[in-house]
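J.: Quick one: structure below, then a few questions.
Just so you know, all these numbers are worked out from the coordinates, no wet-lab data involved. Given the structure is predicted, the values throughout are model-derived calculations rather than measurements. Note that we place each Cβ from the backbone using ideal geometry, even for glycine, and neighbour counts take in every protein chain shown.
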């Protein structure tokens with residue numbers, strides 16, 4: 001089942017690789033018997049579904065989940081159920097790509113008005129005058 005991210009971005013099943021491994025931590029015999037943890041791998045660098053700018057933002061957002069060969073790897077071992085861990089991993093991958101697909105707003109440069117600069121300088125002068133009046137008092 002393809003992973004639908006937005007109206008324009010859909011990740012096909014052949015682009016995602018799932019590997020099931022044994023989960024660590026508490027859980028009794030279930031931990032030793034069942035491979036419930038999931039490792040979801042998405043070859044983002046080679047994906048035809050993602051435009052170039054989205055790939056760049058995904059690389060920055062993914063951080064250490066981005067591998068040297070350009071893949072995003074998500075590991076989930078929260079639940080005891082393999083199916084639920086798989087579901088969580090797919091949701092996290094979709095959310096990560098969704099965040100990368102939103103272009104950041106351009107920053108509009110603003111200038112400090114001349115009036116504001118004048119007020120700041122006047123305030124500094126007043127403060128300086130107050131401090132200048134502080135000093136040693138002449139005993140006479």
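J.: Using only the alpha-carbon atoms, what does the stretch 4-140 span along each of its principal axes? Please give whole angstrom values in decreasing order.
T.: 95, 42, 26
J.: Extending each Cα 7 Å along its Cβ direction at residue 7 and residue 80, get the distance between those two points in nm, one decimal.
T.: Going by the 7 Å Cα→Cβ label model, 4.4 nm.
J.: Still on this structure: What order do you get for 110-117, 47-54 when each peptide is scored by the mean count of other beta carbon atoms within 10 Å, highest first? Don't jump to the answer; show the numbers that get you there.
T.: Details: 110-117: 8.4, 47-54: 14.8.
The peptides rank, most packed first, as 47-54, 110-117.
J.: Be a star and scan the stretch 53-80 for residues whose amide nitrogen sits under 11 Å from the point 7 Å along the Cα-to-Cβ vector of residue 103.
T.: What the label zone holds, given the 11 Å backbone N cut-off, is 53-54.
J.: What's the extension gain from residue 91 to residue 61 if we count 0.36 nm per residue and subtract their Cα-Cα distance?
T.: Values: separation 30, 0.36 × 30 = 10.80 nm, distance 1.57 nm.
Going from the current span to full extension adds 9.2 nm.
J.: Can you give the extra length, in nm with one decimal, that the chain gains between residue 120 and residue 22 once fully stretched, where that is 0.36 nm per residue apart less the Cα-Cα distance?
T.: On the way: separation 98, 0.36 × 98 = 35.28 nm, distance 6.40 nm.
The residue 120-residue 22 span can extend by a further 28.9 nm.
J.: Using Cα pairs under 8 angstrom and six or more residues apart, how large is the relative contact order of the stretch 3-101, in percent?
T.: Computed value for the stretch 3-101: 31 percent relative contact order.
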